[in-house]
Amino acid sequence: KCQTCHSLLARQLTLPSGDTVDLHVNPEDIVNSVHGEQVIEGTQYTTLRCTDCHQDQGRWGFPHQPIDAETRRDLTIGMQQICQECHSDIYERNADGVHAQHISEGNLEAATCADCHGSHDIVRVDEM
């Protein structure tokens, strides 16, 4: 149901800072990403649905709750917790790494998961 609107939306959300966030999501980006249908080590995986990642219906359900991020960067950093849901082992390994350390020290330009891997068009590690 998410794709019904988000695949058609051509508008942007304006955050308090004036930064904008594109609300359009191309379903093919997900299908063609690492989270698309594939076989890994003999196991068949199907394409993830929006709610596989955006699980918190209080936050991601419809009607949507207001986004409390001031800037686009605040939003990107806040969205990292979505990756943690399935990739807790990687997330924990990186929690004491240089990127997380810089973010905790206030350097908001330090890399997040999405900066390197993408958001809906998740890039395979071997394609980076």
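Note on His64: accessible area approximately 100 square angstrom, rounded to 10, probe 1.4 Å, nucleic acids and ligands left out. Kirkwood radius for the chain, taken over all pairs of different Cα atoms as the inverse mean of 1/r, rounds to 16.2 Å. What a 1.4 Å probe finds exposed on the chain is 52% carbon and sulfur by accessible area, rounded to a whole percent. Using a probe of 1.4 Å on the protein chains alone, the accessible area found for Ile77 is around 40 Å².
Please state the equivalent ellipsoid semi-axes for segment 62-128: what are the square roots of 5 times the Cα gyration tensor eigenvalues, largest first, in whole Å?
Values: eigenvalues 79, 56, 29 Å².
So the equivalent ellipsoid measures 20, 17, 12 Å along its semi-axes.
Remark: segment 2-70 is approximated by an ellipsoid whose semi-axes, taken from the C-alpha gyration tensor as √(5λ), come to 28, 14, 11 Å, largest first.
The values are calculated or read from the model by the stated rules, or taken from the named source; none is laboratory data. Note that the structure is a prediction, hence the values are computed from the model and not measured. Side chains are part of the model used for accessible areas, which takes the heavy atoms of the whole protein and leaves out ligands, DNA and RNA. Shrake-Rupley method; radii C 1.70, N 1.55, O 1.52, S 1.80 Å.
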